[in-house]
Amino acid sequence: MFTGIIETLGIIKDLIQENDNLHITVSSAITNELKIDQSVAHNGVCLTVVAIHNDEYTVTAIKETILKTNLGEWNSGDLINLERAMKLGDRLDGHIVQGHVDQVGICKSIEEANGSWYYTFEYDKNLANITIEKGSITVNGVSLTVVNSKEDEFSVAIIPYTYEHTNFKKIKIGTKINLEFDVVGKYVARLNALR
């Protein structure tokens, strides 16, 4: 379980394909605090630490994860958002995030707004995911509030702190991003579909 509050950025150091699996080596400021078997969200994708060496650690993604996320777009040198699993008893500063990406979206537009930015993302409405105005959404692991909610797109407002401390500064029009829709909204949509 995560909160969508990014702890730090990591740099992808190596990507090694082995059969259907992808081994991803990351360098980060939190590596020395990690341990084998620990869950870490990488751009919102929950992956397990399988090896640690100096300031780098390795996680492995299976084919299913690669197909349902933007991992297939990653390259050495890319910045990724990192968050360790929340501790019981901690404040929930973001919202409840599972680390299970629902689908990949695409950045449609970026608008500067006098010191902040509005990012608009498109997603496939046929996958039955929904957003609601002022509801929660996770974009590349970042907990955000939805504005301009539509059937197949939404916007988020990014303040300078979030821009500087996440990989939002690397998102351009056409960039594929990981989306995890609000867990409560997913249950409500599922219950409505069963009626």
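The values are calculated or read from the model by the stated rules, or taken from the named source; none is laboratory data. Just so it is clear, the structure is predicted and the values come from calculations on it, not from any experiment. Every residue, glycine among them, receives a Cβ derived from its backbone with ideal geometry; neighbour counts consider all protein chains shown. With ligands, DNA and RNA removed, areas are computed over all heavy atoms of the protein, side chains included. Shrake-Rupley method; radii C 1.70, N 1.55, O 1.52, S 1.80 Å.
Could you grab me the full set of residues in region 140-172 that are of a type in the set (A, V, I, L, M) and exposed (fewer than 13 other Cβ atoms within 10 Å of the Cβ)?
Ile159, the sole residue that qualifies.
Matching residues to (1) outside any loop (DSSP other than H, G, I, E, B); (2) buried (at least 19 other Cβ atoms within 10 Å of the Cβ):
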residue: Glu64; (1), (2): yes, no
residue: Gly77; (1), (2): no, no
residue: Glu83; (1), (2): yes, yes
residue: Arg91; (1), (2): no, no
residue: Gly94; (1), (2): no, yes
residue: Gly105; (1), (2): yes, yes
residue: Lys108; (1), (2): yes, no
residue: Asn114; (1), (2): no, no
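Only one of these conditions is not met by Gly89: (1) under 22 Å from Thr162 (Cα atoms); (2) without any contact (Cβ under 8 Å) to a residue 24 or more places away in the chain. Which number is it?
Gly89 satisfies every listed condition except (1).
State which residue is surrounded by the most Cβ atoms within 10 Å (Cβ to Cβ) when the search covers only region 16-33 and only residues that are touching a helix residue (DSSP H, G or I) at 6+ places or on another chain (Cβ under 9 Å) and within 16 Å of Val49 (Cα to Cα).
Ile24
Across region 85-115, what is the number of residues that are more than 20 Å from Lys68 (Cα to Cα), modelled with pLDDT of 95 or more and basic (Lys, Arg)?
0
Which residues, taken from region 116-132, are open to solvent by 40 Å² or more (accessible area, probe 1.4 Å), over 16 Å from Val142 (Cβ atoms) and not aliphatic (A, V, I, L, M)?
So in region 116-132, the residues open to solvent by 40 Å² or more (accessible area, probe 1.4 Å) come out as 117-118, 122, 124-128, 130, 132.
This time we only want the ones that are over 16 Å from Val142 (Cβ atoms), so: 122, 124-128, 130, 132.
Selection gives Glu122, Asp124, Lys125, Asn126.
Just to be sure I understand the filter: pairs with C-beta atoms under 7 Å, separated by 6 or more residues or on different chains, first member in region 44-61 and under 18 Å from Ala29 (Cβ atoms), second member hydroxyl-bearing (Ser, Thr, Tyr) and surrounded by fewer than 16 Cβ atoms within 10 Å (Cβ to Cβ). Which pairs pass?
Asp55/Ser27; Glu56/Ser27; Val59/Thr48
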